[in-house]
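The values are calculated or read from the model by the stated rules, or taken from the named source; none is laboratory data. Note that the structure is predicted; figures quoted are calculated from it, not measured. Because the Cβ atoms are built from the backbone with ideal geometry, glycine has one as well, and the counts that use them run over all protein chains shown.
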Amino acid sequence: PLLVKEASEWLVGQRYSAELVDRVAHAAIRTGKPLTTSASTPVYRREMVRLFARRALEEAWKNGNA
């Protein structure tokens, strides 16, 4: 797991919005350092960081944990 501190601050007290989720997902891409030993390309690994960040946020909002 990776904590994106700047994104954590953006989320406090906010309602769900696609724009906010995109902003946080892009911050995760900038902060995350996917393994370079993977057979996948760097572009693919960054896309997976974005996708997993989006899914985690959407699930948290859906479950009322954000």
Margin query: As an exercise: evaluate L3 against (1) out of contact with any Ser or Thr (no Cβ under 9 Å at 6 or more places or on another chain); (2) part of a loop (DSSP other than H, G, I, E, B); (3) not basic (K, R) and give the number of the one condition it does not meet.
Written below: (1)
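For region 15-66: of the residues being assigned to a helix (DSSP H, G or I) and β-branched (V, I, T), which is surrounded by the most Cβ atoms within 10 Å (Cβ to Cβ)?
Residues of region 15-66 assigned to a helix (DSSP H, G or I): 18-31, 42-62.
Restricting the remaining residues to those that are β-branched (V, I, T) gives 21, 24, 29, 31, 43, 49.
Working: V21: 19, V24: 21, I29: 16, T31: 15, V43: 8, V49: 19.
Selected residue: V24.
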Note to self: Suppose we filter region 7-29 for residues that are at pLDDT below 85 and of a type in the set (D, E, K, R); how many remain?
What the structure shows: 0
